[in-house]
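Heads up: the structure comes next, in structure tokens.
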Amino acid sequence: MADTESLRQIAHSRAPLSTWLGVVLLFALFGVIVLGVIGPMPRGSDYEETRAKKRMEKLKTLRDDAETALNTYAWVDKNKGVVRIPISRAMELTTAELAKQKPSPAGPIATPQAQSPAPPTSPGPATSPKPGAAQPTGSPSTPAPAGSASPATQTAASPQTQAPASPPPAAQSAPSAPASPAPATTP
């Protein structure tokens, strides 16, 4: 039995070595194939030079065509009577035409107006009530006459009757909000 176990150990220990050897040989074979395919190909010195020459010829042709179009007379559309004239002559004609025209007077320059704050949109009174207006005496939001209530109720009612002089900031910044009476605040 000891012999079979030692044979198994030897077989298992040699298997990884043969696997590694096979992988290395496979990579070497792949390298040889790559060198065989790429090796005989031209390295591109002539190819790049010919491409550069073709690009330069195309660029020269393009520039010559543009120069011809800018500096010669030619028909654009003979049926409609449209011609092409040299750009220097076109600039001369345009300058002469503009020199004949009188400049029109400039209109007033409009300056942007400063935006004024929007008026308060509160339906309720934003300030103290008018002295001659008739008001109910029992309303908590209106001041009671001096002789009709005790001083304790007047002092309790007075903080509620003071409305702010301007609407709260939320009402100023959001004019599209539904209008509602401003809540009474105490200073």
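The values are calculated or read from the model by the stated rules, or taken from the named source; none is laboratory data. Just so it is clear, the model here is predicted, and its values are computed rather than measured. All Cβ positions, glycine included, derive from the backbone under ideal geometry; neighbour counts span all protein chains shown. Note: areas computed on protein heavy atoms with side chains; ligands, DNA, RNA excluded. Shrake-Rupley method; radii C 1.70, N 1.55, O 1.52, S 1.80 Å.
Data overview
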| read-out | value |
| --- | --- |
| Amide H contacts of Arg84 (H built 1.01 Å from N, under 5 Å, at least 5 apart or other chain) | Ala74, Trp75, Val76 |
| Label-zone membership for region 75-100, site Asp65, 7 angstrom Cα→C-beta point, backbone N under 18 Å | 75-77, 84 |
| Solvent exposure, largest accessible area first (probe 1.4 Å, DNA, RNA and ligands not counted), of Arg89, Arg8 | Arg8, Arg89 |
| Exposure ranking of Asp46, Asp64 by accessible area [1.4 Å probe, largest first] | Asp46, Asp64 |
| Aspartates and glutamates with Cα under 16 Å of Lys100, excluding same-chain neighbours fewer than 8 positions away | Glu92 |
